[in-house]
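Here the structure comes first, spelled out in structure tokens, and everything after it is commentary.
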């Protein structure tokens, strides 16, 4: 699944909206809440990536370590 800017933007916007709607004056708590939600948005974006192997690795017929270059596409 490719990175979708709109999805990341939506999660970031939700993070700030949640803090702006807080009723108390706990600045440190608000910062922690935003930082936590931003971290979640970044982790979700990274986890949504897909790595597709295309070619390049060779396994010896008699066994042993795989050699070559891992060719891939990240989407």
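With the simple spin-label model, which puts each label point 7 Å out from Cα in the Cβ direction, the residue 57 to residue 43 separation comes to 2.7 nm.
Ordered by the number of other Cβ atoms lying within 10 Å of each residue's own Cβ, fewest first, 28, 11 fall into the sequence 28, 11. Based on the inverse mean of 1/r over its pairs of different Cα atoms, what is the Kirkwood hydrodynamic radius of the chain, in Å? This gives a value of 15.6 Å. Helix 27-47 and the longest principal axis of the Cα set of the chain meet at an angle near 30°.
Please determine, in degrees from 0 to 90 and to the nearest 10, the orientation of helix 5-20 with respect to the longest principal axis defined by the Cα atoms of the chain, where the helix direction is its Cα long axis. Computed tilt is about 30 degrees.
All of the numbers you see were taken from the coordinates with simple rules; none came from a lab. Not measured: the values here are computed from a predicted model. When we count neighbours, we look across all protein chains shown, and the Cβ atoms used for this are built from the backbone with ideal geometry, even at glycine.
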